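S.K.: Sharing a structure here in structure tokens format.
The values are calculated or read from the model by the stated rules, or taken from the named source; none is laboratory data. Treat the numbers as computed from the prediction; the structure is a model and nothing was measured. FYI the Cβ positions are ideal-geometry reconstructions off the backbone, even for glycines, and counts take in every protein chain you see. Remember, those area values only see protein heavy atoms, side chains included, never the ligands or the DNA or RNA. Shrake-Rupley method; radii C 1.70, N 1.55, O 1.52, S 1.80 Å.
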Amino acid sequence: LEGSIPLFCACRVVKFRRTGESSRSEEDGTSGEHEVQIEGVRTELEPVELEDGAAVPKEFANPTDDTFMVEDAVEAIGFGKFQWKLSVITGLAWANAMEMMILSILAPQLHCEWRLPSWQVALLTSVVFVGMMSSSTLWGNISDQYGRKTGLKISVLWTLYYGILSGFAPIYSWILVLRGLVGFGIGGVPQSVTLYAEFLPMKARAKCILLIEVFWALGTVFEVLLAVVVMPTLGWRWLLILSALPLLLFAGLCFWLPESARYDVLSGNQEKALATLKRIATENGAPMPLGKLVVSRQEDRGKMRDLFTPHFRWTTLLLWFIWFSNAFSYYGLVLLTTELFQAGDVCSISSRRQEVKAKCSLTCEYLTEEDYTDLLWTTLSEFPGVLVTLWIIDRIGRKKTMALSFLVFSFCSLLLFLCVGRNVLTVLLFIARAFISGGFQAAYVYTPEVYPTATRALGLGTCSGMARVGALITPFIAQVMLESSVYLTLLVYSGCCLLAALASCFLPIETKGRGLQESSHKEWGQEMVGRGSHSPGESQE
């Protein structure tokens, strides 16, 4: 609406702002003030008809008070000292990658030490993902019902306790149960992304979520380095105990974490949300928006049916497959890397397996120093994976970034059909892991952006649960099927990623350049376009 809106009353001018529009929008070149000529004093505004027959929007219904929403406050306060602290603390929770990376190191060690057949080795890996799969939706529901901070704290403490306890497992059945309980706790750690994203201004969100993934990469690298030092001297039990250190540090710093202001507003706790926003403004040295914080309509939170409304049904189903393929391929590559390095190259792995079977079904080989070195090189690929994704995600969008990552991984998997030497093998695995980890990171950016606050944690939790289904299946492909045919194994991973690339292209919503949606009762896009002066199609650097 431009200019003034004529109402059939007496001449009196009232100036007001759009509901939810902070004073900061004026600095961006968009005036929040509009004049209305009124012929007579009325105690309350009533809907009137414009010349084109459209009713006056409800957002013009507050002529006396300036108001703002959490989105306005987060944008006005911007990125500063508070977000840097939050990045480090939530990053420590995200360093639980150590608990995942240890699977590729622990499996061959226990295979040799306890003389486990290959199916029991695969089960030891899969049980972790069973725990994650069974708990991901539960942690998402807890985070939507009782708060992001509550769900995250409980899951981290759970993982820490059983992670340390598994280092004392006397027999196979004990470690199987305890690692399953560790997986149950890890299923809630992705909620750190939900909490983190809800404190980030729009222009910084994609970059910051991707940069927090650096903690995942650091965790995997640190785990390999720790294994090089600990395994030859102290053994795998100490490796399990020491791998819980980042979570122990996070547990000690948990008291500093605030609850999400978006969650507090949605649950009707306006005073707590306002106090949190003032705390952030103080730490960042930025002014709060003028006016009164608008309390969103309270909604049912954490309801599965909201993921399947007409606006989100296809998004949910496609995202489930994308997350499944991401985890299936990522963890499959992690496990395949160990197997391929022990064999030397792809072409000799089948003959090597046959020789091992001829000798003894329980014959095993410990990881050598060269294996650890090559494992470290492929693990380091996650850093360029972050950088590449960081560079392209705001240029080509979230959907195309995920599609590109899947396509490159699929192509590298097909190149492994060639009889390449160890050096070329390392390069191909390096590139494949860089891009599949980049695709995973893009999914972590896209998913919290596409769902509204009422179902954001549940949406991320269910997607994480589907990822664990893929991770649950992958050991039987990367370790068991590999014994029958290395080429069929590679074909499975390549084909899955090709389908995931298509699924990424068919996602109905692109979230690049959009704010976080607060209400599930509005069509996607109504309150999502950034309040800056850029156009919707404009790239935001």
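S.K.: Just flag the GluC sites (Glu not before Pro) in region 363-463 sitting in loop per DSSP whose Cβ has no more than 14 other Cβ atoms within 10 Å.
M.R.: Listed in order of number, the matching sites are Glu365.
S.K.: I need the peptides 432-444, 463-475 ranked by packing, meaning the mean over residues of other C-beta atoms within 10 angstrom, with the highest value on top.
M.R.: Numbers: 432-444: 27.5, 463-475: 24.9.
Ranked from most to least packed, the peptides come out as 432-444, 463-475.
S.K.: Could you tell me whether region 64-298 comes out rounded, prolate or oblate from its Cα gyration tensor? Rule is a ≥ b ≥ c as square roots of the eigenvalues, rounded for a/c under 1.5, then prolate if a/b exceeds b/c, otherwise oblate.
M.R.: prolate
S.K.: Then there's this: For region 111-155, just the Cα atoms, rotate onto the principal axes and tell me the three extents in Å, largest first.
M.R.: The Cα atoms of region 111-155 stretch 45, 16, 7 Å along their principal axes.
S.K.: Taking +1 at the Cβ of each Lys and Arg and -1 at the Cβ of each Asp and Glu, which of Gln120, Asn269, Trp238 sits farthest along the dipole of region 64-298 towards its positive end, judged by Cα position relative to the Cα centre?
M.R.: Most positive-ward Cα: Trp238.
S.K.: A further question on this structure: Gap in Å between the Cα centre of region 371-394 and the Cα centre of region 160-211?
M.R.: Here the answer is 20 Å between Cα centres.
S.K.: Follow-up question, since we're still on this one. Sorted by average packing, counted as other Cβ atoms within 10 angstrom per residue and highest first, what order do 374-381, 193-200 take? Intermediate values should be presented prior to the final figure.
M.R.: Working: 374-381: 21.2, 193-200: 25.0.
Per-residue Cβ counts within 10 Å, averaged per peptide and sorted highest first, yield 193-200, 374-381.
S.K.: Is there a quick way to get the dipole size of region 64-298? I mean about its Cα centre, with the Cβ of Lys and Arg at +1 and of Asp and Glu at -1; what is the value in debye to the nearest 20?
M.R.: Values: 17 positive and 15 negative charges, 50 e Å.
Computed about the Cα centre, the dipole is about 240 debye.
S.K.: While we're looking at this one, here's another question. Glu510 to Arg237: extension gain in nm, 0.36 nm per residue of separation minus the Cα-Cα distance?
M.R.: On the way: separation 273, 0.36 × 273 = 98.28 nm, distance 4.56 nm.
This chain segment gains 93.7 nm when fully extended.
S.K.: In Å², and per residue, what accessible area does region 96-171 have when probed at 1.4 Å with the other protein chains present?
M.R.: Each residue of region 96-171 exposes 33 Å² on average to a 1.4 Å probe.
S.K.: Turning to a different aspect of this structure: Note down the relative contact order for region 64-298 as a percent, whole number, built from C-alpha pairs under 8 angstrom at least six residues apart. Write out the running numbers ahead of the final one.
M.R.: On the way: 342 pairs, mean separation 88.8, N = 235.
Reported as a whole number, the value is 38 percent.
S.K.: OK, next. Sequence-distant or interchain residues sharing an amide H contact under 5 Å with Phe68, placed H: which?
M.R.: The list, which skips near neighbours in sequence, is Gly20, Lys292, Leu293, Val294.
S.K.: Right, here's the next one. What's the extension gain from Trp114 to Leu249 if we count 0.36 nm per residue and subtract their Cα-Cα distance?
M.R.: 45.4 nm
S.K.: Next up: Applying 1/(1 + (r/R0)^6) with R0 = 35 Å to the Cβ-Cβ distance of Leu290 and Trp256, what FRET efficiency is obtained, to the nearest 0.05?
M.R.: Once the sixth-power term is evaluated, E becomes 0.75.
S.K.: Stick to the Cα atoms of region 114-254, pair each with every other, and give me the Kirkwood hydrodynamic radius in Å at one decimal.
M.R.: Over region 114-254, the inverse of the mean reciprocal pair distance is 16.3 Å.
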